[in-house]
Every structure is written in C-alpha cells, then in structure tokens.
Amino acid sequence: MGLTIAQKIIKSHLKSGEMTVGSEISLKIDQTLTQDATGTMAYLEFETMGIDRVKTEKSVAYIDHNTLQSGFENADDHRYIQSVCKKHGIYFSRPGNGICHQVHLERFGKPGKTLIGSDSHTPTGGGIGMLAFGAGGLDVAVAMGGGAYFITMPKMYKVNLTGKLNPFVTAKDVSLEILRILSVKGGVGAIIEWGGEGVKTLSVPERATITNMGTELGATTSIFPSDEITREFLKKEGREEDYIPLASDEDAVYDKIIDINLSELEPLIACPHSPDNIVTVSSLKGTKVDQVCVGSCTNSSLFDMLKVAALLKDKTVCDSVSMSVSPGSKQVLTMLADCGALSDILASGARVLECACGPCIGMGFSPNSAGVSLRTFNRNFEGRSGTKDGKVYLVSPETAVAAALTGEITDPRLLGSMPEIKMPESFLINDSAVIEPANEIDAKDIEILRGPNIKKFPDSKKQENTLSAELVLKVGDNITTDHIMPAGAKILPYRSNIPYLSKFCFAVCDESFPERAKAAGDGIIVGGSNYGQGSSREHAALVPMYLGIRCVIAKSFARIHIANLINAGIMPLTFENPDDYDKISQGDKLSIDNVYAGMDSGEMTLVNNTTNEKIKLVCSFTERQKDILKAGGLLAYTKETGDN
Ligand code: MIC
Ligand code: SF4
C-alpha cells in the first residue's frame, strides 16, 4: 500500500509506536520554534531539564507577540530568552524581525523535516512540505532536549484541488471554504494533505495561508507536496539546497477525500465569533465597517502585501475606517519599501505597524465599542481583539481593501480589474536580526539574565487514586484557550508569572472563577465539545492547575489542549454519554474512586455527591500519560524518570 506525504515523513522519523490510526507514536523532531508569549515558560522548563545544548538540527526563538516592551516585564522576558538562546544553542530572532511562522518559512523551514513549535499555527510550515505541529511549551522543551514528540497517529484526509482561482478570490477563501465544509471540529484527529492539479497554481505563501488556517479545523497538521514551486521559493530565498521533492504515492489511501474546484470559489467571510461561521462576502454587502487590519501569520507575505499596495494605490481609505497593515517580516517590509509599494500603502492613509502579531493577539488596534473589524487573520474568537463586544470578521486581503475603501463590506470583485502583481526574481536576504548562539566553549560563561517578572514554575500535584472535588466551573461548547487564559495588551506581559495571570483565568466567561477555584481547594471544570480549541498556550492548563483544578470533564477536547492538560497533571475525561453533561451543575460536590484502575480500563464512575447520581466517564491514556498524571505532570515525570 502506498503512503501519503505525511506518512512518509512520519515513517522516516518514527521513534516508537505503530503507524496505525489512533495509536500513540513518537517522532524525532528536527526543528523547533518558540515565540515570546509561550517561549519564556518553555525555556524555564528546558532549563529545569538540565541539558546544556539543544539537540535539534535547528531551534529558533522568535519575539513577535509582545514586542513593544511597555514596561520592564517584557523587556526582561526578551532579555531572558536571548540569554538562554546564546547559551543553549538556539537562534534568536529579534523583535521586529517578523512573525515566527512567516520568518521560519522564509529562512529556516525545510521540506521533509519535522518541526514543533509552541504556537498552534506552526503547521504553516506545511506550505513548504514540512511536517509541522503546534505543541505546548513543555513538549517543545523536551524536543529541544532531544526527546521525542508524542502524538496519536492521525487519519489522513486529502483535499483534491482542481481549477484555478479567479481574480479577487484567494488562498484565504480556500481556507474559509474548507472551514465551511468541515467546521472547527472537522479536522480533529487528521492530517490534511492538499493535492490535485490545482496545487500547481498556488505559490508557497498561498499554500502557507492554507496550512496556517488548517489549525482552525482542529487538524493535527496540514501539508502540501514539495514540488517545483517549492524549489522556486527556496531558490529565491537563496537556499535551493534545502529542496527535496515530496509527493504522495499513487496508491496512497485516505480516510476522506474532499474536492474543491478553485474556479468555482467566490470571496468568503467568517462572521463573529468563529472561523467556521462562513457566508459569502456579497451576502453581507453594505454592512458598515469601522476597522480593517491586514497582516498576521495568515496573510502577511510579500504577495499579500503587494496586492494590498496595488489596490490601495492612488486611493484613500474611507474616513470612517481605521486601517492597519502589518507586514509579516523584515524581509517583506524591506522589499515593500524598496519597490515603492510601501509608499502606496502609506499614501492611502493606512497605518503601517511593526512586523509582528500586533492586533491579532489584541496587542493594540482594538476596535471601538461594538465596532465591526474586518481582519485578514485566522481567529475571531470573542474578546480576542481586546474589545469585548467587538465584531471581528475574517477575510482575504482583497476583501479587506474593498471594505477599507468603501467603508462597508463589499465584494472585492466590484473594485474593477485586479492589477498585475509582479513577484521579484529573488528575495532580499538579510539575517541581521537573527542572533546566532555562542559556541559550546564560550557558552559556558554566559549568564542567564532573569528579571523579577519571571516567577517560579508552579508546583503540581500528583493524581491520587481517589479524586474528590467541587465542580467550580461549568461551560458550554467550543471553549477556546482565549476564554480559558485570555491574552491581549494587559495580560500578555505576564506570561512568565502564573500567579498574576491566574487573576484573569476564564475572565471572559466568569470573572469570579479564580477566587472561587482558590477557595474550593481541589476543583473540577466541566465543558462541552471541543474544549480548549485554538491556541497552544500551555498557560490554559498551567493556570487552572495553579488554581487547584485536578480534572476537566468534557464532551470532547482539542488535540493540543488535551496534551497540555496531561502535561500539567490535570486529568482530561470525557462523558460516555454526552447527555450526562446536563446531570451536573456548578457547585456540585463530585468524586471518582479507583482512579488508577479507571485509567487502565478506560472507564471511571463519577459520583455526584450533591444529587447522588452516577455518571460514566471514559478516557484513553497511554502508559506514559498515566505515569505523567500520577507523577503530577510532565516536568515532575521527567525529573522522576530522567526520561525525556
Ligand atoms: C494565538 O494565535 O492564539 C497565539 C497567541 O499565537 C497562540 C500562542 C499563545 O497563546 O501564546 C497560539 O496560537 O498558539
Ligand atoms: Fe501571531 Fe496571530 Fe499568528 Fe498567533 S495567529 S502567531 S497571534 S499572528
């Protein structure tokens, strides 16, 4: 039987396990990346492991989420990360050099290699034929130390592309179309391979837009073949030697095949507050728009920016709209400046922001109260923009410009004819903002610089054989990590300070949660389906752990979050019968006996001591996961066993 692209890379990196769907496998990891909002924690964890040098082929630390250093907290964290990098063999990408996924694609990604990153959009690397996964910081720390990365062997889906995109219809619309078809849960447990004749019409940055947003499907990752288009991209980046061809076998078998005819697509838009809330742009015609933001790791390539500049040229942004443009990297910004396109953007009245995540993670540019914001980003979760009642819509750069010029949601095809975009023969290469690590000898003398904002990693508790706790919070379906542990300008500077962060845990749902959880001692959270979707931030597990949460019971979980819960020593359990969700209420006193036997058999009985009701719960832990939970989390387990 032939293999898919992902199966081929898995096979060549398999460290343990069988490649049968649903079983645990572990992979050798070639490259890692971190960003600042998850990086400090990941490096604190790495340091705890006591390893001198990273064992990967390449590890890069990016500062892109919180770059403005508005206070010592951030500045200290950046300095800490920089010193860890210098000492331990990691490349350091300075603030302003760009968004991790964009820069990694340009400068470091290699087809056929494995990459894990402490950011859920790491699958962007699939655009260049990498097998790239988003992971919790602790998993990244372990991989930097040479340890394997554990996942459940995924199913294989294929999206078969035919045809060619029409003008004003873009890779972003392809992402929105697949979200319309599959929903935010539709990719769970699967790797999505993009293939078919239509693939040949898509450039690497367009492919990367699509693999980037595969995260919103809940997919394990997404991947494109590595072909002549990939070679061309690498050549322009001056690294043709990194090219290898990669394709699936003719007789590869897929669990699902989805057909999309690119020629039939039209501009789409995701409505608040979920990336799968898709309608056509034309159906919202006339909706007033207050703000337009172009950028983020989804749509900030040179190609995207050149299109935006060409459409804005000689035009003025509508008076009632505030528009921002954030190029994805220093390379993109410099090339925009050199060819004059930057001037066209500035002349239109748009604001150019730093090459960073910026508004996407709520770092500035929050919409006005109840404001409508059209963004080329990948997430429009409630409150993420920093404005609780802001209404964020996700669109392509073309649709963003159409709204900026007209002040209302407008089908971009009404803008006339699409100007021809000429991509340069080669990209400008200047890695001055990437600092190399010290050599092994010099590294010994490098001092790690810590600031007062960096607090100790919180102590975790072992899972005992009996669990007795209060249901401190009951929430509904599709709870995102932005609900559990919000980000944004006020909170992001404290990502290395769990006690401070804990004050904001679940603030979007219930501001009294932190106090109530602390008062309860041990606590349980109950959620609906797809609990923990969205970001890879392990803070969404570490902070509840700090607040005494011992177990989360849900109808289903998102992949990275379930791994983060286990790594934090919190037991994730699911209802055998989802209707039992209705049989427990916030404040109920719950208990589970024989936890260890239940971990083995995959079944546990939850006793609701308030109503005397019994509820069947199910779980499926590997031997390693059971040991991690019993030890009180991955860090405690690693220390106990010395096994990473
Ligand atoms: C996001 O887009 O939500 C983030 C911010 O990039 C996160 C990481 C984080 O919370 O630090 C992600 O996607 O993993
Ligand atoms: Fe940054 Fe937004 Fe991309 Fe997350 S989704 S990495 S915040 S640009």
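The values are calculated or read from the model by the stated rules, or taken from the named source; none is laboratory data. None of these values were measured; they are calculated from a predicted model. All Cβ positions, even for glycine, are placed from backbone atoms using ideal geometry, and neighbour counts span all protein chains on display. Keep in mind that these areas ignore ligands, DNA and RNA; they rest on the heavy atoms of the full protein, side chains included. Shrake-Rupley method; radii C 1.70, N 1.55, O 1.52, S 1.80 Å.
Hey, what did region 355-510 get for relative contact order, percent, Cα under 8 Å, at least 6 apart?
Normalised by residue count, the contact order of region 355-510 is 21 percent.
Pairs of alpha-carbon atoms within less than 8 angstrom and 6+ residues apart define the contacts here; what relative contact order does region 336-414 have, in percent?
Relative contact order for region 336-414 comes out at 21 percent.
Which whole-number percent gives the relative contact order of the chain, counting Cα pairs below 8 Å spaced six or more residues apart?
14 percent
Taking 0.36 nm per residue of separation and subtracting the Cα-Cα distance, what length does fully extending Lys503 through Asp459 add?
Gain on stretching Lys503 to Asp459: 14.1 nm.
Under a point spin-label approximation (7 Å from Cα along Cα-to-Cβ), what is the Asp227-Tyr596 distance to one decimal in nm?
The answer from the label model is 5.5 nm.
Stretch Glu425-Asp255 to full length: gain in nm at 0.36 nm per residue minus the Cα-Cα span?
Once the chain is fully extended between Glu425 and Asp255, it gains 57.2 nm.
Counting only the backbone N, which residues of region 575-597 are under 18 Å from the spot 7 Å out from the Cα of Glu640 toward its beta-carbon?
Answer for region 575-597: 594-597.
Quote the Stokes-Einstein diffusion coefficient, in whole µm² s⁻¹, for region 195-350, based on the Kirkwood radius over alpha carbon pairs, a temperature of 25 °C and a viscosity of 0.890 mPa s.
134 µm²/s
Rounding to the nearest 20 debye, state how big the charge dipole of the chain is about its Cα centre with +1 on each Lys and Arg Cβ and -1 on each Asp and Glu Cβ.
700 debye
For region 5-67, which GluC sites (Glu not before Pro) are in a loop by DSSP, counting at most 12 other Cβ atoms within 10 Å?
Glu18
Given a 1.4 angstrom probe, I'd like the percentage of the accessible area of the chain that is carbon and sulfur, rounded to a whole number.
Of the solvent-accessible surface of the chain, carbon and sulfur hold 49 percent.
What's the magnitude of the charge dipole for region 68-152 around its Cα centre, counting Lys and Arg as +1 and Asp and Glu as -1 at the beta-carbon? Answer in Debye, nearest 20.
Charge dipole, region 68-152, about its Cα centre: 360 debye, nearest 20.
Is the C-alpha gyration tensor of region 33-140 telling us rounded, prolate or oblate? Criteria: a/c under 1.5 is rounded; beyond that, a/b larger than b/c is prolate, otherwise oblate.
oblate
Heavy atoms only, 1.4 Å probe, whole protein assembly: order Asp442, Asp227 by accessible area, highest first.
From most accessible down to least: Asp442, Asp227.
Would region 357-493 count as rounded, prolate or oblate if I go by the C-alpha gyration tensor, calling it rounded below 1.5 in a/c and otherwise prolate when a/b exceeds b/c, oblate otherwise?
oblate
Quick check: Cα centre of region 381-442 to Cα centre of region 81-141, how many Å?
19 Å
Can you give the extra length, in nm with one decimal, that the chain gains between Ile181 and Gln586 once fully stretched, where that is 0.36 nm per residue apart less the Cα-Cα distance?
142.3 nm
Between Glu197 and Glu240, what is the spin-label point distance in nm, taking each point 7 Å from the Cα along the Cα→C-beta axis?
Taking the two extended label points, one gets 2.9 nm.
Which residue, chosen from Leu565, Leu590, Gly136, occupies the Cα position most advanced towards the positive end of the dipole of the chain, where the dipole is computed from +1 (Lys, Arg) and -1 (Asp, Glu) charges on Cβ about the Cα centre?
In the chain, that residue is Leu590.
Taking the mean number of other Cβ atoms within 10 Å as a proxy for protection, how do you rank 324-331, 583-590 from highest to lowest?
Order by mean packing, descending: 324-331, 583-590.
Per the helix-only calculation at 222 nm, which mean residue ellipticity applies to the chain, given -39500 (n - 2.57) for every DSSP H run of n ≥ 4 and division by its residues, nearest 500 deg cm²/dmol?
Mean residue ellipticity at 222 nm (helix-derived): -8000 deg cm²/dmol.
Which shape class applies to region 547-644: rounded if a/c is under 1.5, otherwise prolate when a/b exceeds b/c and oblate if not, where a ≥ b ≥ c are the square roots of the Cα gyration tensor eigenvalues?
Verdict is prolate for region 547-644.
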